[in-house]
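Participant: Submitted below is the structure of interest, expressed as structure tokens.
Here, each number is a calculation from the coordinates, and none is a lab measurement. Quantities reported herein were computed from a predicted structural model and do not represent experimental measurements. Neighbour counts are summed over all protein chains in view; Cβ atoms, including those assigned to glycine, are modelled from backbone coordinates with ideal geometry.
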Amino acid sequence: MSAQAQVQASALPIEPAGLRDLWKLRQLEKLTFNREDAWPLVELLFVLVSPGIVRLKVDYNDKMIAFVAGETRASQGMGWIITLGVAPAWRHIGLGERLLAAAEEALHMPAIRLTVRASNQAAIALYQKAGYHQVGVSSRYYVGGEDGLIFEKRFLESWGDNSSKQNEKKQIWG
Ligand SMILES: CC(C)(COP(=O)(O)OP(=O)(O)OC[C@H]1O[C@@H](n2cnc3c(N)ncnc32)[C@H](O)[C@@H]1OP(=O)(O)O)[C@@H](O)C(=O)NCCC(=O)NCCS
């Protein structure tokens, strides 16, 4: 990928994803996650169609190069980022950071949590840069027995109650 393509990609629009993206998401998933962590097709389908899930993507030349999904867990009063991935050739140009911020905005909850492999230094660095801090550990959470670290970011004071944010949220949820 040329530097020019990278610059273009860093400014590509973030768009809602849907059922029509299933095969593109499948390709991205294969590129992004190892076999242990890649979701089976049925879970990809679920994340693309299930109500109450925020799903956002970045496409380039009709390929999906980045994806994030998050859900609201009303019983906990918080949102969860349930997946985030950027294709290897498109990393380090800010797409992960932009998608995470867009999902936070769309979820619009007082707090957002996520689980990350204890060894996943790149993702942990991204989350810490975005304002998350560790609040717990899920012992042996991942296939292979690795712990999952639970990170949280609180928004209570920073979300304004203005209508433009609500409108943006409606657009992203589709
Ligand atoms: C983690 C991941 C989403 C980051 O995406 P990205 O688009 O490359 O991240 P960004 O370019 O937005 O980086 C934002 C910040 O994250 C941190 N970061 C990202 N990649 C990093 C790396 N390899 N090493 C250290 N820090 C890293 C940096 O602080 C960076 O800020 P900087 O550019 O000012 O230094 C990407 O590496 C990925 O898809 N990994 C595989 C899937 C995965 O692990 N997903 C998370 C599951 S919980």
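Participant: Limiting things to C-alpha atoms, what are the Rg and the maximum Cα-Cα separation (Dmax) for the chain, in angstroms?
Facilitator: Expressed in Å, the Cα Rg and Dmax of the chain come to 15.7, 46.
Participant: Counting pairwise Cα distances across segment 56-110, what percent come out greater than 12 angstrom?
Facilitator: Details: 940 of 1485 pairs.
Beyond 12 Å sits 63 percent of the P(r) for segment 56-110.
Participant: 222 nm [θ] for the chain, helices only, -39500 (n - 2.57) per DSSP H run of 4+, per residue, to 500?
Facilitator: Working: 6 runs with 61 residues, N = 174.
Taken over the chain, the calculation gives -10500 deg cm²/dmol.
Participant: Taking only pairs that are 8 or more places apart or on different chains, how many Lys pairs in segment 3-173 have Cα atoms under 15 angstrom apart? All intermediate terms of the calculation are to be shown ahead of the outcome.
Facilitator: Values: Lys24/Lys57; Lys24/Lys63; Lys30/Lys63; Lys129/Lys153.
Close lysine pairs found across segment 3-173: 4.
Participant: Take the Cα pairs of segment 33-132, get the Kirkwood Rh, then feed it into Stokes-Einstein at 4 °C and 1.567 mPa s and tell me D in µm²/s.
Facilitator: On the way: Rh = 14.2 Å.
Rounded to a whole number, D works out at 91 µm²/s.
Participant: I would also like to ask the following. At a threshold of 8 angstrom on Cα-Cα distance, excluding pairs fewer than six apart, so keeping six or more, what relative contact order does the chain reach in percent? Mind dumping the intermediate values first?
Facilitator: Numbers: 286 pairs, mean separation 34.0, N = 174.
Result for the chain is 20 percent.
Participant: Next question, about the same structure. Cβ neighbours within 10 Å, averaged per peptide: list 134-143, 105-114, 46-55 in order, most packed at the top. Kindly include the intermediate steps, with their values, before the conclusion.
Facilitator: Working: 134-143: 12.7, 105-114: 20.0, 46-55: 16.1.
Sorting 134-143, 105-114, 46-55 by mean packing, highest first, produces 105-114, 46-55, 134-143.
Participant: For the peptides 83-94, 9-20, what is the packing order when you average, over each peptide's residues, the other Cβ atoms within 10 Å and list the highest mean first?
Facilitator: 83-94, 9-20
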